[in-house]
């Protein structure tokens, strides 16, 4: 039992060690990495579902609430990324603060967050591709664009994009960062186009009933509804800013640049989200937004068909970057866990030519492609949210504990206002977890149980820390 609570020693310079990954990312790369991960599914897919089914036009407030919760967590991530370092993100921070057992649980939750998120976003990507091809007169057979849960056989486009990103990540992080920068530019231009066009088609009558579901209540099927339930769902839109912290071992000056990438990208994206949600619900009645491509549908509904097609192109580019960054983050967390011996060490092998962990990239790519082809977006999004929120709570508490146990530790970045922000962040994220459905909690419990079994059967016996400390 004592071994389970052992913590990793904090290094004097957490960013000095070279583990073989290529240090080539600057502050702009990291901000673009964050924007690439954040702006995507939230705007192009979930905004419509949250407005139609949970919050109505009040989805604007849902984005504000979720953004505040993420902002509080972002400062905690920035402090620990600069202080503890490593590519393991919340897993690595928990290892240094709470010990191996909690680190494993957090790492296992991150695998749920990133892995399920890639599969979920691939579903949204497939929906926009289908809409674009149908508009061009080249519709895809329904059986090949839906999984068995939606009366189809297999979602081929969703699986195909995951496999394509697998090949890109194998090629190298520099190549991936270049594609991300190009795709981020495309989707920002697309969003700007939507904002400019939509502002001339606003109908204030669409906000007459601004809170049709109230702040919080229960729907006809017993599921949570309202602005707070909407915040728990659209929280998925912010998933990914924490993936910036997994680039610690590939950033040129991580102590300085990681906080810039984490906080800067989140602030920028929150403003964009609120603006898009407001205009979308002003140009289309919220009851009509329960579609897979709400932004493109909104412009088409307003009579701007050319704009709708361009938005679909931008959405495809945007969702591609989301998958790319989350996939990247997933492989780096697994790489860190395998390096610590909690997963098979073969997953921590770095290819000497590309300087990327090829084995883990291929293994996770094949698994996620299969998941994307079979499981629909709705069932995946809430699972991602609960795993992410749990990790955010641990990171916020980690700042509180580390300041108490290691007050002398050098902190290149320190969250302002003392312990107020991390404590508020832990409370806000834990509160959002309570607004998720009971079924999501049950699934999350099964996931944690599976993780505990793997740790008990493998991780605790192969831990590098256990071997080092005898």
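The values are calculated or read from the model by the stated rules, or taken from the named source; none is laboratory data. Everything numeric here is computed off the predicted structure, so don't read it as measured data. As a convention, Cβ positions derive from the backbone with ideal geometry for all residues, glycine included, and neighbour counts pool all protein chains shown.
Computed quantities for the displayed model
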read-out	value
Residue count, region 424-453 (criterion: more than 22 Å from the chain's Cα centre (by Cα) and surrounded by 14 or more Cβ atoms within 10 Å (Cβ to Cβ))	1
Qualifying position, being in contact with a helix residue (DSSP H, G or I) (Cβ under 6 Å, 6 or more places away or on another chain), within 26 Å of residue 67 (Cα to Cα) and outside any helix (DSSP H, G or I), among 436, 432	436
Members of region 412-423 found to be touching a residue at least 40 places away in the same chain (Cβ under 8 Å) and surrounded by fewer than 18 Cβ atoms within 10 Å (Cβ to Cβ), listed by number	414, 416
Single residue of 183, 177 found to be surrounded by 17 or more Cβ atoms within 10 Å (Cβ to Cβ), modelled with pLDDT under 85 and in contact with a strand residue (DSSP E or B) (Cβ under 8 Å, 6 or more places away or on another chain)	177
Criterion (over 30 Å from residue 465 (Cα atoms) and out of contact with any helix residue (DSSP H, G or I) (no Cβ under 9 Å at 6 or more places or on another chain)) met by exactly one of 303, 261	303
Verdict on residue 86 being crowded, with 24+ Cβ neighbours inside 10 Å, part of a loop (DSSP other than H, G, I, E, B) and either at pLDDT below 85 or touching a helix residue (DSSP H, G or I) at 6+ places or on another chain (Cβ under 9 Å) (or both)	yes
Given (1) modelled with pLDDT of 75 or more; (2) buried (at least 20 other Cβ atoms within 10 Å of the Cβ); (3) assigned to a helix (DSSP H, G or I), index of the condition residue 268 fails	(2)
Index of the failed condition, residue 138 passing every other in (1) within 21 Å of the chain's Cα centre (by Cα); (2) not in a helix (DSSP H, G or I)	(1)
Some residue of region 35-53 being outside any helix (DSSP H, G or I) and either modelled with pLDDT of 85 or more or closer than 30 Å to residue 299 by Cβ (or both)	yes
Unique match (being touching a helix residue (DSSP H, G or I) at 6+ places or on another chain (Cβ under 6 Å), at pLDDT 80 or above and outside any helix (DSSP H, G or I)) among 415, 369, 317	415
Residue among 395, 401 that alone is buried (at least 23 other Cβ atoms within 10 Å of the Cβ) and touching a residue at least 60 places away in the same chain (Cβ under 8 Å)	395
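Every residue, every condition in (1) part of a helix (DSSP H, G or I); (2) more than 19 Å from the chain's Cα centre (by Cα); (3) closer than 30 Å to residue 395 by Cα, yes or no:
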{"residue": "101", "(1), (2), (3)": "yes, yes, yes"}
{"residue": "108", "(1), (2), (3)": "yes, no, yes"}
{"residue": "114", "(1), (2), (3)": "yes, no, yes"}
{"residue": "181", "(1), (2), (3)": "yes, no, yes"}
{"residue": "191", "(1), (2), (3)": "yes, yes, no"}
